[in-house]
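Chemist: Once you've had a glance at the structure underneath, I'll fire off some questions.
Values in this text are rule-based calculations from the coordinates and carry no lab data. Predicted model, so just to flag it, every value in this text is computed and none were measured. Reconstructed Cβ throughout: ideal geometry from the backbone, glycine too, with neighbour counts over all protein chains shown.
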Amino acid sequence: MEDAILFVDANQAWIYLLLGGAAVVYLRQAIRSSRQRRETIFALERERTTGRLRGSAFLLATVLALMTATFLVSTFAAPAVPASIRPTALPTLSLLPTATLALAESGEALPTATPLPAVVVDPAGCQNPLATLSLPANGDSLNGIVEVGGTANIENFAFYKLEYISLVPGAVWRAVWAGTTPVVDAALGTWDTSLVIPGDYGFRLVVMDAAGNAPLPCTIQVRVQAAP
């Protein structure tokens, strides 16, 4: 089971791409069958087009369910897999020890590891009225359980998720909430800030459509304070 979860997590981009393509195909088939059903005047032909319409709708629903399952696995199940089970990259052995030793003896500077880039918070995505946060606001100080509000209602909506990231080099985004129902200027979810270390964080809303595409996330910077 853990191997399957890690496989989905590692290949989620390709899975979304394939399922998104399939969703577009089945959606077009459903639209075409619906149009043909309205135009036909014979009962037998109407029955056939109705069967094709139901088949396309069933396949489309299956693809959307698989996309939702992929999102849930990669967002919630994969981070829970113990580190001991995850594959560990083999260390790269230097094949040129003599050259490295010569550089050290000559006094020349040895190459150092490239520092990890710092996390940058860009709120430009919040200008999209169909995928934006209204609560909390950029620069807010938070503590305890925080109510998150906004809008997630893009065309061909599939799901949305709320994520946070520590503003330290090498940090990664972590999901705290997800939803599969469009929201318009209402509650999106909650974030229990007592589960993170006080400090500065990025917080964002990501909204995906059925084809696996997403507008620029609405990202804000907030400060988590210790509980009083």
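Chemist: What are the ³J(HN,Hα) couplings of the range 164-174, residue after residue, when phi is run through the Karplus curve with 6.51, -1.76, 1.60 and θ = phi - 60°? Round to Hz, x for glycine and proline.
Modeler: Per-residue couplings from phi come out as 10, 8, 6, 8, 10, x, x, 6, 10, 6, 10 Hz.
Chemist: If you don't mind, another one. Mind listing which GluC sites (Glu not before Pro) in the range 133-181 are in a DSSP loop and have 15 or fewer other Cβ atoms within 10 Å?
Modeler: Values: sites: Glu147, Glu155, Glu163; in loops: Glu155.
Hits after loop and neighbour filter: Glu155.
Chemist: Related question: Efficiency by 1/(1 + (r/R0)^6): what FRET value for Val120 and Gln36, r their Cβ-Cβ distance, R0 = 35 Å, to the nearest 0.05? Mind dumping the intermediate values first?
Modeler: Numbers: r = 51 Å, r/R0 = 1.46.
After rounding, the FRET efficiency stands at 0.10.
Chemist: Can you give me the long-range amide H partners of Ala178? Hydrogens built in the peptide plane at 1.01 Å from N, cutoff under 5 Å, separation of 5 or more residues or another chain.
Modeler: It is Leu162, by chain and number.
Chemist: For a quick check: sort Thr190, Thr70, Thr181 by the number of other beta carbons within 10 angstrom, fewest at the front. It would help to have the intermediate numbers written out before the result.
Modeler: Values: Thr190 14, Thr70 18, Thr181 9.
Least crowded to most crowded, the residues run Thr181, Thr190, Thr70.
Chemist: Taking the alpha-carbon centroid of each part, what is the distance from the range 142-199 to the range 23-38 in angstrom?
Modeler: Centre-to-centre distance over Cα atoms comes out at 35 Å.
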